[in-house]
Amino acid sequence: MRGFLFFLPVLLLSLAGTGCSPRLVPLYYDYRLPDTTGPSLQPVARALASEGWEVSQSDSLHLETMSRSLQHWGLYRVVVRLEAVPVDGRFVRVFIHPYRHYITGRRSKIPYLPAGLRATLLPRLHAALEAEGLEPAGTAFQRDHVRPRW
């Protein structure tokens, strides 16, 4: 009984803490290429350029943008870099690389997309890619919940 009384508050605190944890969102999104194009990254480059992203490196298998500051929080700013690669000839996977750059000069990788960054980045990114004919296909996790992989 004594062990249970010790374990109960620990269990309740851990359950309460999970309600405060961030929603883990993967750092990539897949887009279905239009049927008229091959596995080219040119529509992605045009879409990113229309949203103000500067493409730093591009070839038929890889596209990368320059880092861009999206949020300022006083002690640090959030800087994001995008990367796109073709997947299976029918999709393009856009990777999102967010970092915190602190005023001390240190930087750290953000392992998920926080809600504020999602709201700032994703709607405009989805709209720009849709304007170029790419259809959002979501992440592998989202697709698994829509249709089972048997």
Of all the strands (runs of 3 or more DSSP E) wholly in segment 40-92, which have at least 1 residues that are in contact with a strand residue (DSSP E or B) (Cβ under 9 Å, 6 or more places away or on another chain), open to solvent by 50 Å² or more (accessible area, probe 1.4 Å) and among the charged types (D, E, K, R)? 68-72, 76-87
If you go through segment 100-109 one residue at a time, do you hit one that is among the hydroxyl-bearing types (S, T, Y), under 23 Å from E135 (Cβ atoms) and not in a loop (DSSP other than H, G, I, E, B)? no
Checked T65, T139 against criteria (at pLDDT below 90, closer than 24 Å to R32 by Cβ and among the hydroxyl-bearing types (S, T, Y)); the one match is T139
Failed criterion for H101 (all others in (1) at pLDDT 90 or above; (2) open to solvent by less than 60 Å² (accessible area, probe 1.4 Å); (3) touching a helix residue (DSSP H, G or I) at 6+ places or on another chain (Cβ under 8 Å) hold): (3)
Just to be sure, is L125 at pLDDT 85 or above, surrounded by 14 or more Cβ atoms within 10 Å (Cβ to Cβ) and outside any strand (DSSP E or B)? yes
First in segment 112-128 and touching a residue at least 24 places away in the same chain (Cβ under 8 Å), second anywhere and open to solvent by 10 Å² or more (accessible area, probe 1.4 Å) and of a type in the set (S, T, N, Q), Cβ under 6 Å, 6 or more apart: A128/S50
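The values are calculated or read from the model by the stated rules, or taken from the named source; none is laboratory data. Predicted model only: the values in this text are computed from it and were never measured. Here Cβ is always computed from backbone atoms with ideal geometry, including for glycine, and neighbour counts include all displayed protein chains. When the accessible area is computed, the model is the full protein with side chains, heavy atoms only, and any ligands, DNA or RNA have been set aside. Shrake-Rupley method; radii C 1.70, N 1.55, O 1.52, S 1.80 Å.
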